[in-house]
Amino acid sequence: MMQMLVAGGLAPLTDGQRGADEDNPRGYLEYDKTKSLRSDNSWLGDARGKVVKVIVQLLEYLPREKYRIVFMQRDLIEVVRSQRTMLERSGKQGAALSDAQLEGLFSKQVEAVDRFLQASDAQVLKVQHRSCIDCPAEVAAEVNRFLGGGLDEGAMVEAVDPTLYRQQSGPE
């Protein structure tokens, strides 16, 4: 989604600290300070008018303001597979939990954030990860409408590379 948004014409808040690699050959478009959102949100002013990737576990630490959040939903089996693959490639130790335990943990985190978002002032558009791959033009149009129009939907569609969708759980 970040690749789509940037291709569509939005500026990302990124620091370039995590560059392209085998797991993500286009780079991560991340901002390292988002990891400290729980204890430090002083950087949020730098994010005005930009797109910022925030992981699900940290969304609840956003101050109560009006945000537009594109909430990416992905099959949790795929999330676990992807995380384990990245950890293995980087030589890092993964969680000492089974895949089923991790899926359960992630599911509870997503449910908690869902409740938080429903009670927040944020406008939220939920987008299925798989839909970005299977129907990028529809997703681009939906995201463009949600964000107020003006994005280059054609460029957003072109940013989608189905060959990078490697950790699949099967047809949905």
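The values are calculated or read from the model by the stated rules, or taken from the named source; none is laboratory data. Predicted model, so just to flag it, every value in this text is computed and none were measured. Virtual Cβ from ideal backbone geometry, glycine too; neighbours counted across all protein chains shown. Heavy atoms of the whole protein, side chains included, go into the accessibility calculation; ligands, DNA and RNA do not. Shrake-Rupley method; radii C 1.70, N 1.55, O 1.52, S 1.80 Å.
Structure values in brief
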item: Filtered residues of segment 114-123 (kept if open to solvent by less than 50 Å² (accessible area, probe 1.4 Å), free of Cβ contacts under 8 Å to residues at least 60 places away in the same chain and not in a helix (DSSP H, G or I)); result: Ser120
item: Filter result (touching a residue at least 12 places away in the same chain (Cβ under 8 Å) and open to solvent by 100 Å² or more (accessible area, probe 1.4 Å)) within segment 27-48; result: Lys33, Lys35, Arg38
item: Filtered residues of segment 134-145 (kept if under 13 Å from Met1 (Cβ atoms) and open to solvent by 40 Å² or more (accessible area, probe 1.4 Å)); result: Glu142
item: So Arg68, is it among the basic types (Lys, Arg) and more than 24 Å from Ser131 (Cβ to Cβ); result: no
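Conditions tested, residue by residue: (1) farther than 23 Å from Gln118 by Cα; (2) out of contact with any helix residue (DSSP H, G or I) (no Cβ under 6 Å at 6 or more places or on another chain).
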residue: Met1; (1), (2): no, yes
residue: Ala11; (1), (2): yes, yes
residue: Glu30; (1), (2): yes, yes
residue: Arg38; (1), (2): no, no
residue: Ser42; (1), (2): yes, yes
residue: Val51; (1), (2): no, no
residue: Pro63; (1), (2): no, yes
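Conditions (1) modelled with pLDDT of 85 or more; (2) within 20 Å of Met156 (Cβ to Cβ), marked per residue:
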position	(1), (2)
Thr85	no, no
Lys92	no, no
Ala100	no, no
Asp114	yes, no
Ala119	yes, no
Cys135	yes, yes
